[in-house]
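Scroll down for the structure; my scribbles are underneath it.
The values are calculated or read from the model by the stated rules, or taken from the named source; none is laboratory data. Every value quoted in this text rests on a predicted model; they were computed, and no experiment measured them. Glycine gets a Cβ as well: all are built from the backbone with ideal geometry, and neighbour counts include every protein chain shown.
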């Protein structure tokens with residue numbers, strides 16, 4: 001954690017106060033669209049869900065989907081989650097969302113970054129809070145009304161330039177300010193879900209801490225200064241990550257439930273079968289700093305497993321600086337010692353060795369790859385390298 005962030009969070013949380021009331025507001029099940037606006041929005045959401053259901057990017061793992069739906073139901077309650085259809089989509093970035101028709105979408109990049117079930121529950125609860133508070137419909141109406149007025153302002157602007165610029169900015173400002181208020185309302189209701197479900201309520205704070213640190217690491221990796229923003233700009237639609245971490249830490253401090261089980265073991269077991277594929281997708285993002293930070297976070301939980309060491313070796317090999325290639329060889333060998341058994345390790349380690357000028361060792365590694373998979377699709381190309 002960054003020092004300034006640690007200080008801010010400690011100051012916001014303070015000593016544990018008396019137990020806050022985590023009870024949830026009443027919930028109406030089975031809301032149906034009534035107006036023309038609502039029916040149009042629902043039809044659009046239904047069409048998007050149909051495409052999502054048939055997409056090749058949708059993860060079709062019944063066990064994983066059943067686990068995620070179970071976490072959602074534990075978080076918001078059986079009654080609330082009954083009508084939700086949940087989809088996991090192969091996108092290596094942190095995101096989740098929920099449509100007004102009850103469709104929840106979770107990106108695999110979010111699942112890779114969550115460190116335990118409690119953090120997953122914090123994200124799912126936040127998205128469900130948007131659904132429960134009808135933010136999708138409210139935002140749609142607000143944006144539509146703003147665009148309608150904006151069209152009239154454009155007409156008026158053709159007649160006279162007096163005052164229309166200020167009025168347009170005021171109009172746009174109200175729309176984006178409203179969205180920021182929605183985000184904070186969803187944060188706070190999601191926090192209530194988390195506390196009422198028995199998870200440690202500071203998990204929501206941890207989500208924003210790690211996202212900020214990863215963004216800083218990404219910036220440094222691309223040769224830029226860390227650029228965390230501590231005040232929302234005029235057109236920003238979300239509260240800043242630091243602001244979120246602060247007010248969520250303050251709420252968690254009131255409850256004082258940080259000793260609760262975040263259910264990390266259950267979470268790791270649920271995603272274990274997909275971890276190699278998600279790590280591979282992350283490594284290919286050309287985000288050295290952010291990926292290195294993410295791998296270290298994962299290793300802090302489970303140790304440097306063979307899968308994590310292989311992913312780290314790939315990260316360094318793909319960047320390809322001379323020192324990176326030497327480091328990648330060490331990580332490949334560490335992965336072997338940790339029990340990693342995929343044959344491609346020998347091929348990729350051989351490539352790093354050859355590019356480092358270690359020809360003999362490189363040929364040995366490539367020959368081992370060919371011995372393990374003699375009919376590999378790239379066997380001809382690998383043999384040509386060895387023969388050279």
Exercise for review: Within segment 309-325, identify whether any single residue is assigned to a helix (DSSP H, G or I) and without any contact (Cβ under 8 Å) to a residue 12 or more places away in the chain, and answer yes or no.
Suggested key: yes
Expected single match for crowded, with 16+ Cβ neighbours inside 10 Å, under 17 Å from the mean Cα position of the chain (by Cα) and not in a loop (DSSP other than H, G, I, E, B) among 87, 67 is 87
For segment 55-62, check the following and say yes or no: at least one residue is part of a helix (DSSP H, G or I), at pLDDT 95 or above and on the phi < 0 side of the Ramachandran plot. yes
Taking segment 299-308 and keeping only residues that are free of Cβ contacts under 8 Å to residues at least 60 places away in the same chain, in a helix (DSSP H, G or I) and touching a helix residue (DSSP H, G or I) at 6+ places or on another chain (Cβ under 9 Å), one is left with 299, 302, 306, 307, 308
Checking 292, 246 in turn, the sole residue that is modelled with pLDDT of 65 or more, in contact with a helix residue (DSSP H, G or I) (Cβ under 7 Å, 6 or more places away or on another chain), buried (at least 16 other Cβ atoms within 10 Å of the Cβ) and in the same structural domain as residue 200 (by TED's automatic domain parsing) turns out to be 246
Inside segment 259-292, the number of residues satisfying the requirement of being within 21 Å of residue 327 (Cβ to Cβ) and part of a helix (DSSP H, G or I) is 10
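This table checks each residue for (1) buried (at least 16 other Cβ atoms within 10 Å of the Cβ); (2) within 26 Å of residue 46 (Cα to Cα); (3) modelled with pLDDT of 50 or more; (4) under 19 Å from the mean Cα position of the chain (by Cα).
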| residue | (1), (2), (3), (4) |
| --- | --- |
| 127 | yes, yes, yes, yes |
| 134 | no, yes, yes, no |
| 138 | no, yes, yes, no |
| 159 | no, no, no, no |
| 194 | yes, no, yes, yes |
| 202 | yes, no, yes, yes |
| 218 | yes, no, yes, yes |
| 223 | no, no, yes, no |
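Per-residue answers, yes or no, for (1) surrounded by 20 or more Cβ atoms within 10 Å (Cβ to Cβ); (2) not in a loop (DSSP other than H, G, I, E, B):
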position	(1), (2)
349	yes, yes
362	yes, yes
365	yes, yes
371	no, yes
376	no, no
383	no, yes
386	no, yes
